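Trainee: Dropping the structure in here first, questions after.
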Amino acid sequence: MSIYPPLSSSTQLNHIRAEAIDWALAHGLIVRPTTEKQQYFEHNAAVTHAPLALYPTPFPRAEFFKAKDLQIPWNTLIHRMSKDNLLLKELMETLSQVDDFMKRLYDIYLQVKTEGIAQSASLGIHRCDYLLHADLGADAHTARIQQVEFNTIASSFGSLSTRTTELHKYLLSSIDNYGEGQITADQLPDNNTVDSIAQGLASAWKLYGKSNARVMMIVQPGERNAFDQRWIEYALMEKYGIHLLRRSLEQVINNGKLDPVTKALTIDGYEIAVTYFRAGYGPEDYPTEKEWEARLTIERSLSIKCPTVAYQLVGAKKVQQVLSVPGRLERYVDDDATADQLRESFAGLYPLDDSLEGNQAYEMALQDPQRYVLKPQREGGGNNVYGDDIVSVLQKTSVQDRNAYILMDLIRTPPLDNLMLREGVILNGQVVSELGIYGVYLNDGTNEVVNNIGGHLLRTKGVETKEGGVAAGFAVIDSPLLV
Ligand code: ADP
Ligand code: MG
C-alpha cells in the first residue's frame with residue numbers, strides 16, 4: 001500500500017472534516033460535550049460529533065474474519081462456563097478474600113441457586129476484544145489477533161460503530177479522491193450491531209411470552225451521555241414494537257415489586273420480561289445497600305437477565321486466565337479444532353496467586369516488566385498497570401492481595417497512521433486499533449435459541465495512550481478497512 005491515509009492539502013482536509021461533521025450530526029453519530037461546554041444550552045440540549053477516525057484504519061482481512069468466526073463458539077463457551085458451579089467456586093476461592101464486589105455478586109448467585117432459579121433462560125450480549133500482535137522486529141504483515149478480554153456485561157458502542165461504518169462509506173462515495181484508489185466499498189464490511197442487539201432483546205422478550213410485558217434497561221442514575229443506549233431502545237420500538245423502560249437500580253428497589261408466587265417483576269405497573277444491564281458492572285454502581293437489594297431482586301425474578309450474575313462472574317479477567325491453562329478451555333468445547341482456534345487467539349496469561357505458577361509469574365514481572373500488563377479484577381477502563389509501574393505496584397502488594405490481579409503478555413500492535421477528529425479538531429499521528437466483535441446469545445435453559453455474531457467495533461487510539469476508552473476520552477470510533 002502506498003502512503004495511507006492519502007496526503008491531502010489543507011483545503012481538501014477541511015472539506016473532508018466539514019463533510020464528516022455534518023454527516024455525523026445529521027445521522028446521530030453524536031455524543032454530548034463535556035459539562036463546561038454544555039453551559040450555553042439548557043437541559044443538555046447540546047451535542048457534538050462522536051470522536052472519530054477520518055479514514056477507516058487498515059486491518060488484515062483474514063484476521064478480521066478469524067475474530068468473527070470465533071464469536072459463535074465464544075457465546076456457547078461463556079454459557080457453559082456460567083453453568084459450571086465448580087468454576088465459579090474456584091474463582092471465588094481466589095477472589096473472595098480480596099474483592100468484596102465479586103464476593104457480593106457470588107453471594108447473590110449462591111442465594112438464588114439455593115432458593116431455586118425462577119427463570120432458566122439467559123440472554124448474553126457480549127463483546128470479545130482483540131488487538132493485533134507482531135513480535136518485536138517482525139514484519140507488520142505477520143500480525144495476528146490476540147484477545148484482550150471478553151465482556152459479558154454492558155458491552156457498549158454498538159450504535160456508534162454501526163454509524164461509523166456508514167460514515168466512511170458516505171465519505172468514500174461522495175468525496176472525490178477521498179480514498180485515492182486505496183479504499184473500495186467492499187473493503188468496508190457491513191456492521192449491523194444495533195439490529196443484532198435489538199433482535200436479541202426481542203427474542204428474549206418473545207420467549208418470555210407476554211405481549212404487554214416490557215424490556216427494562218438498567219442505567220446509571222441521571223445518565224446523560226446515552227445515545228448508544230437510546231439507539232437500541234429506538235430499534236426495539238421501531239422494528240419490533242417493544243417498549244423499553246430505563247431505570248436505575250435505586251428505582252427498581254423503590255418502585256419495583258416481586259410477586260412472591262410467580263416471581264414476576266413489575267415496576268410502575270409494568271411487568272418486566274427482560275432486564276438488560278447497561279450499568280451494574282462495577283462497585284461505583286452500588287453506592288448503598290439499596291442497589292445490592294435491587295440486584296438480588298432482579299436475579300430472583302422471572303425476568304430474563306442480560307446478563308445473569310453467573311454470566312457477569314465468568315466475565316472476570318481471572319476466568320480468562322484460568323481458561324488459558326492447558327486443558328481448561330477444552331472442557332467446554334466439543335471439538336478439538338474449535339478449541340485450537342480459540343486458543344490460538346489467547347495471549348500469555350498468568351496467575352499471581354500463591355501457587356508455584358503465581359510466584360514464577362511474580363518473579364517474571366519484576367525482572368522484565370516491559371513485557372507485561374498487570375490487570376486488576378475491574379471493568380470499564382483505566383485500571384491496568386504497565387512497565388515500571390508494575391514493579392512498584394507488586395512490591396507494595398501482599399501475597400494475599402496479589403490474588404486480585406492477573407498478569408498478561410503485552411500485545412505489541414504495529415502502529416499505523418491516521419487522522420482523528422475530536423470536537424472539530426484534527427489530530428494526526430500513529431495509532432493502534434482494537435477490534436471488538438459482538439455476540440448475541442439466548443438459551444432457554446435447555447437449548448440455544450439464538451447464537452449470532454453481532455456487528456463489530458473498531459476503537460483507535462494514539463500509540464502513546466495505553467488504555468482504550470472512548471468514553472474516557474482516550475480513543476476514537478473507527479471502522480476497519482480490510483486489506
Ligand atoms: P477493561 O475491562 O478496563 O476494558 P481491558 O482488558 O480491556 O480492561 O484493558 C483496557 C485497555 O488496555 C484495552 O482496551 C487495551 O487498550 C489495553 N490492554 C489490555 N490488555 C492489554 C495487553 N495484554 N497488551 C496491550 N494492551 C492491553
Ligand atoms: Mg476492555
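The values are calculated or read from the model by the stated rules, or taken from the named source; none is laboratory data. These figures come from a predicted structure and were not determined experimentally. Note that we place each Cβ from the backbone using ideal geometry, even for glycine, and neighbour counts take in every protein chain shown. Quick note on the areas: whole protein, heavy atoms, side chains included, nothing else; ligands and nucleic acids left out. Shrake-Rupley method; radii C 1.70, N 1.55, O 1.52, S 1.80 Å.
Trainee: Using helices alone, I'd like the mean residue ellipticity at 222 nm for the chain: each DSSP H run of four-plus residues gives -39500 (n - 2.57), total over residue count, nearest 500.
Mentor: -11500 deg cm²/dmol
Trainee: Along the Cα-to-Cβ line of TYR170, 7 Å from the Cα, sits a label point; which residues in region 41-57 have backbone N less than 12 Å from it?
Mentor: 49-50
Trainee: Another question about this same structure. Can you grab the distance from the C-alpha centre of region 374-424 to the C-alpha centre of region 122-142, Å, no decimals?
Mentor: Between the Cα centres of region 374-424 and region 122-142 lies a distance of 16 Å.
Trainee: Please identify every one of the chymotrypsin sites (Phe, Trp or Tyr not before Pro) in region 167-269 that sits in a loop by DSSP and has no more than 16 other beta carbons within 10 Å of its own beta carbon.
Mentor: When the chymotrypsin sites (Phe, Trp or Tyr not before Pro) of region 167-269 are filtered for loop state and at most 16 Cβ neighbours within 10 Å, nothing remains.
Trainee: Sticking with the crude label model, points 7 Å out along Cα→Cβ, report the distance from ILE426 to ASP135 in nm, one decimal please.
Mentor: 3.9 nm
Trainee: Is there a quick way to get the dipole size of region 1-80? I mean about its Cα centre, with the Cβ of Lys and Arg at +1 and of Asp and Glu at -1; what is the value in debye to the nearest 20?
Mentor: Computed about the Cα centre, the dipole is about 320 debye.
Trainee: When the chain is fully extended, how far beyond the present Cα-Cα distance does LYS89 get from ASP409, taking 0.36 nm per residue of separation?
Mentor: 112.6 nm
Trainee: Whole Å is fine, so just give me how far the alpha carbon centre of region 215-236 lies from that of region 88-111.
Mentor: Rounded to whole Å, the Cα centres lie 29 Å apart.
Trainee: So what are the ³J(HN,Hα) numbers for region 357-362, from phi and the Karplus equation (6.51, -1.76, 1.60; θ = phi - 60°), rounded to whole Hz, Gly and Pro as x?
Mentor: 4, x, 6, 5, 5, 4
Trainee: Give me the accessible area per residue for the chain, probe 1.4 Å, as a whole number in Å².
Mentor: With the other protein chains kept in place, the chain gives 42 Å² per residue.
Trainee: Counting other C-beta atoms within 10 Å, and keeping those with at most 15, which DSSP coil GluC sites (Glu not before Pro) do you find in region 406-451?
Mentor: Answer in residue order: GLU423.
Trainee: What does the extension gain come out to for ASN14 and ASP417, with contour length at 0.36 nm per residue minus their alpha carbon separation?
Mentor: Full-extension gain reported as 143.2 nm.
Trainee: For PHE65, project a label point 7 Å along Cα to C-beta. Then give me every residue of region 99-141 with its amide nitrogen under 20 Å of that point.
Mentor: 130-133, 141, by backbone N distance to the label point.
Trainee: Please compute the contact order of the chain in relative form: average sequence separation of alpha-carbon pairs under 8 Å and at least six residues apart, divided by the residue count, as a percent.
Mentor: 26 percent
Trainee: Still on this structure, please answer the following. Placing one identical point scatterer on every Cα of region 348-410 and ignoring solvent, what is log10 I(q)/I(0) from the Debye formula at q = 0.20 Å⁻¹?
Mentor: With one equal scatterer per Cα and no solvent, log10 I(q)/I(0) is -0.67.
Trainee: Also: Which percent of the accessible heavy-atom area of the chain goes to carbon and sulfur, probe 1.4 angstrom?
Mentor: In the chain, the share of accessible area belonging to carbon and sulfur is 50 percent.
Trainee: Now for a separate question. Each residue of region 186-199 in turn: what ³J(HN,Hα) in whole Hz from Karplus with 6.51, -1.76, 1.60 and θ = phi - 60°, glycine and Pro shown as x?
Mentor: For region 186-199, the Karplus-derived couplings read 6, 8, 10, x, 4, 9, 10, 4, 4, 4, 5, 5, 4, 5 Hz, x marking Gly and Pro.
Trainee: Size of the dipole of the chain about the Cα centre, Lys and Arg at +1 and Asp and Glu at -1 on the beta carbon, nothing else charged, in debye to 20?
Mentor: 960 debye
Trainee: Another question, then. Largest first, please: the extent of the C-alpha atoms of region 172-269 along each principal axis, to the nearest Å.
Mentor: Result, largest extent first: 65, 30, 17 Å.
Trainee: Same structure, new question: Grab the other residues whose beta carbon is less than 13 angstrom from that of GLY256, score K and R as +1, D and E as -1, and report the net.
Mentor: Result for the neighbourhood of GLY256: 0.
Trainee: Placing +1 on the Cβ of each Lys and Arg and -1 on the Cβ of each Asp and Glu in the chain, which of ILE272, ALA140, VAL463 has its Cα farthest towards the positive end of the resulting dipole?
Mentor: Farthest towards the positive end: ILE272.
Trainee: Can you compute the FRET efficiency between GLN367 and LYS206 using 1/(1 + (r/R0)^6), with r the Cβ-Cβ distance and R0 = 56 Å? Round to the nearest 0.05.
Mentor: After rounding to 0.05, the efficiency reads 0.50.
Trainee: Further question on the same structure: So if I restrict to the alpha-carbon atoms in the chain, what is the Rg, and what is Dmax, the biggest pairwise distance, in Å?
Mentor: 22.5, 70
Trainee: Mind listing the phi-derived Karplus ³J(HN,Hα) values for region 17-23, rounded to whole Hz, using 6.51, -1.76 and 1.60 with θ = phi - 60°, and x for any glycine or proline?
Mentor: 4, 4, 5, 5, 5, 4, 4
Trainee: Which of the GluC sites (Glu not before Pro) across region 263-322 are loop residues per DSSP, with 11 or fewer other Cβ within 10 Å?
Mentor: Listed in order of number, the matching sites amount to none.
Trainee: Any idea how far apart ARG230 and HIS243 come out in nm if each label point goes 7 Å out from Cα toward Cβ?
Mentor: 2.0 nm
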